[in-house]
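Each remark here refers to the structure printed beneath this line.
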Amino acid sequence: MARSVNLLAPACFLLLLLLLVQVARSEENKKCTPASVVVLQTSNGEKAGDNPVFEVLVRNRCECAVRGVHLSAEGFASSVPVDPKVFRQEGENYIVGDGSPIESGGEVRFRYAAERAFQIDPAALQEDCSGVHEFTV
């Protein structure tokens, strides 16, 4: 009986070690996070009424396509219409490009006008690596 307990401990240790390695690999395989998306805003001095016009660039820096990109933009309002297929409120956040994929290196642009620039940050996304093929030599 003592011998079977002694053999069981190393087996449990190996099983736990394999489980930890698998968890680490699954996290490593997740390539795209909200930090993979960069949001840049510029204003070139153009005005809509009294409000400056801001151009927003949402760029995917992940090696895979991303879709369902949501941005946080608390209090967002524009004095000019923003195409809802490009940027619209969905729940607490705003969805970009109607939720369609943004390819690696791709971007979506939209413009808005307001008294000030709003803080716009990536909030959530889904990675779509279905078009990426990895080859190992």
Which condition from (1) surrounded by fewer than 17 Cβ atoms within 10 Å (Cβ to Cβ); (2) within 14 Å of Pro34 (Cα to Cα); (3) among the small types (Gly, Ala, Ser) is the one that Ser104 breaks? (1)
Can you run down the residue pairs with Cβ atoms below 8 Å, 6 or more apart or on separate chains, where the first is in region 42-55 and polar (S, T, N, Q) and at pLDDT below 95 and the partner is in a strand (DSSP E or B) and surrounded by 14 or more Cβ atoms within 10 Å (Cβ to Cβ)? Asn44/Val53; Asn44/Glu55
So, in region 112-127, how many residues would count as being part of a strand (DSSP E or B) and buried (at least 19 other Cβ atoms within 10 Å of the Cβ)? 5
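The values are calculated or read from the model by the stated rules, or taken from the named source; none is laboratory data. The model shown is predicted, which means the values in this text are computed figures rather than measured ones. Cβ sites come from the backbone with ideal geometry, for glycine too, and all protein chains shown count toward neighbours.
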